[in-house]
Amino acid sequence: MLEREIQEQLTTKTFGRRIFSFESIDSTNTFAKSIAQDAGEGTLVIAEEQTHGRGRLGRSWHSGKSKNLTFSVIITPDIAPEYLGVLSLYAGLCVAEAIEERTQLVPECKWPNDIMMSGKKCCGILSESTLVKGKAVPVILGIGINVNENDFPPELRTVATSLFLEAKRMIDRVDLLAAILKTLEDWYRLIRENDYARIIHGWQLRAPMMGRAIAVQQNGNIMNGIAQRLNTDGSLVLCSGDMEMNLMAGDVSIIDGYRS
Ligand code: BTN
């Protein structure tokens, strides 16, 4: 994807105005981390192919070359470390809104940082930061979207989907990327103002798991309960009997299956 192609479609002031674009790279997040200190707000690192794309919890992220979107955005929010979890919700909400605007599909958010369609994952987010004297600056928002993937390996077919498979048409990747950067820039105002409640609220409106019976897998343990709400730091309140647990991470499945 050429820098010029992207720049021509941008409607933002800062997000995506500085671009590092690669045909192939190990991981856009790894590269973004290496330049983050001097890169500037909204710098975009994008690649047609990642040889070592990384996911949450040490997993890997595979994506067919030149079919999808794999990119990282560098931000430097003035955010207390305990609120860092909000940033992947912010990114997820922005990606979901932009996908809906450009495709008319209705993506759903799944805690903590997946975007789903028809009960299958179409986007994953890996937000990373390094703490400097107790403050986290800068933060890398790593976003992988299955855009025009037309087939998945058999072991992924029941759990992964793409915008192409859902919309039954090819999606313009540059157009979608520009829409995501615009949404990220627009909602970033709330991050700068430390107004996380509106982000959490917007995210919950797109999350069918809220209020439902769920199972959360965390470090080999499974916890069952009702997904009550999110706290303003992005943690999930799981209600089990008369006990409330605040969870910072985990893999969620809705116990009574998917309903749209
Ligand atoms: C997950 O679902 O576990 C998160 C996947 C995040 C993948 C993206 S692709 C762009 C960026 N670079 C990476 O190495 N990972 C993120």
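Within the stretch 194-214, residues that are touching a residue at least 60 places away in the same chain (Cβ under 8 Å) reach partners that are hydroxyl-bearing (Ser, Thr, Tyr) and outside any helix (DSSP H, G or I) with beta carbons closer than 7 Å, at six or more positions or on different chains, in the pairs 196/232; 200/232. When each of 16, 40 is tested for being at pLDDT below 95, open to solvent by less than 40 Å² (accessible area, probe 1.4 Å) and not β-branched (Val, Ile, Thr), the lone residue that passes is 40.
In the stretch 77-86 there is no residue that is under 23 Å from residue 172 (Cα atoms) and either of a type outside the set (A, V, I, L, M, F, W, C) or open to solvent by less than 70 Å² (accessible area, probe 1.4 Å) (or both). Taking the conditions (1) at positive phi; (2) in contact with a strand residue (DSSP E or B) (Cβ under 9 Å, 6 or more places away or on another chain); (3) of a type in the set (D, E, K, R) in turn, residue 168 satisfies each one other than (2). I'd like to know if the stretch 99-114 contains one or more residues that are crowded, with 20+ Cβ neighbours inside 10 Å, within 11 Å of the chain's Cα centre (by Cα) and aliphatic (A, V, I, L, M). No, because not a single residue in the stretch 99-114 is crowded, with 20+ Cβ neighbours inside 10 Å, within 11 Å of the chain's Cα centre (by Cα) and aliphatic (A, V, I, L, M).
Residues in the stretch 110-146 that are out of contact with any strand residue (DSSP E or B) (no Cβ under 6 Å at 6 or more places or on another chain) and within 14 Å of the ligand (Cβ to nearest atom): 112 only.
The values are calculated or read from the model by the stated rules, or taken from the named source; none is laboratory data. Please read all numbers here as calculations on a predicted model, not as lab measurements. Note that we place each Cβ from the backbone using ideal geometry, even for glycine, and neighbour counts take in every protein chain shown. For the accessible areas, the whole protein counts, side chains as well, though only heavy atoms, and no ligand, DNA or RNA atoms are used. Shrake-Rupley method; radii C 1.70, N 1.55, O 1.52, S 1.80 Å.
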